[in-house]
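Below is one structure; the comments refer to it alone.
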Amino acid sequence: MNEEKNPNGAHQLLRRVEGRFFRSVPANRLDKILDPPDPKSAGRYHRPGESILYTSATFESAVAAISSYMLKDGLPRMMVPLLVSEVFVLDQHDEEACKVFGIERDLSNEPWQAAIAEGREPASWRNVDIARAVGAGGIIDRSRKMPGAWHLNLFYWNESGGPKVEICGEPVEITLSADGPTWDRSRTG
C-alpha cells in the first residue's frame, strides 16, 4: 500500500492513499461486495441513505473489526481483497489535519449503536460530515481493537472523479471459534 501527503491543491492536509484493502461482507451478500449499504441502514460513518464503503488496511484488522458483529448475529462472513486506486482522505491519525478541520478524533470512538438506540446522533457523524465538506474522498478510522491498525472508509467509488475499487482475489470465509476468529491464512496473500 502506498500513502503520502497530497502534494498540491487546496487540501494539502488530506492523505493520498491507494493499494490493497480488505472488506468483509455477510456470506449471503457476496454478490454485493462493492454495493453501498442498504439505504435504511446506518453505521459509524454513514446515515441512512449515505454511501460508504468500509474497508480495512489489513486482513487481521478487518477480522478484528467485524468479530463483535459476528458474535452478536452469528452470520458467516467472507473477507474479500480489494484494490483501491488513488484517493485523498482525511486521516484521523493526523493530529494537525484534525485540528485544522475541527475534527475531534475521540468522537469517532464513541459507541455509535448506543447513540442510535438512545435516539441521539452518533458523534462520529459530525467528523464524517466535516471530512465530506472539505472534499475528502473518505476518512481513515483508527482501530479501537488493534493499536496502530486502521480502516479506510470511502464516500464514493467507481464513479467520475472517485477512486476505482475492484476485487483482486478470492473471498475467504471467516468463522469464530472459542479461541477467536479463524481463517485459512494460506488464502489471504
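Looking across the stretch 87-113, just one residue is among the acidic types (Asp, Glu) and part of a strand (DSSP E or B), and that is Asp91. Could you list, in sequence order, the residues of the stretch 19-51 that are over 19 Å from Leu83 (Cβ atoms), of a type in the set (Lys, Arg) and part of a helix (DSSP H, G or I)? Passing the criteria: only Arg29. Pro48 satisfies every condition listed in (1) in contact with a Ser or Thr (Cβ under 8 Å, 6 or more places away or on another chain); (2) more than 20 Å from Val165 (Cβ to Cβ); (3) surrounded by 14 or more Cβ atoms within 10 Å (Cβ to Cβ) except (3). In the condition set (1) under 22 Å from Pro171 (Cα atoms); (2) at pLDDT below 95, Phe22 is compliant with all but (2). From the list Asp38, Asp73, the one residue that fits, being modelled with pLDDT under 85 and among the acidic types (Asp, Glu), is Asp73.
Scoring Cys168 on the criteria (1) at pLDDT below 95; (2) farther than 26 Å from Leu13 by Cα leaves a single failure, condition (1). Please work out if Phe101 is touching a helix residue (DSSP H, G or I) at 6+ places or on another chain (Cβ under 7 Å) and among the aromatic types (Phe, Trp, Tyr). It is true that Phe101 is touching a helix residue (DSSP H, G or I) at 6+ places or on another chain (Cβ under 7 Å) and among the aromatic types (Phe, Trp, Tyr). Sort out which residues of the stretch 114-170 are aromatic (Phe, Trp, Tyr), within 22 Å of Pro48 (Cα to Cα) and not in a loop (DSSP other than H, G, I, E, B), and write them in order of number. Hit for the stretch 114-170 is Trp125, nothing else. Counting only residues that are loosely packed, with under 13 Cβ neighbours inside 10 Å and of a type in the set (A, V, I, L, M, F, W, C), the stretch 101-121 holds 2 of them. For Ala57, the stated conditions do not hold, so it cannot be described as farther than 21 Å from Pro163 by Cα, surrounded by 21 or more Cβ atoms within 10 Å (Cβ to Cβ), within 13 Å of the chain's Cα centre (by Cα) and not β-branched (Val, Ile, Thr).
The number of residues in the stretch 55-82 that are out of contact with any Pro (no Cβ under 7 Å at 6 or more places or on another chain) and not in a loop (DSSP other than H, G, I, E, B) comes to 17.
The values are calculated or read from the model by the stated rules, or taken from the named source; none is laboratory data. Model, not experiment: these values are computed from the prediction. No Cβ is skipped: glycine too gets one built from the backbone with ideal geometry, and neighbour counts run over all protein chains shown.
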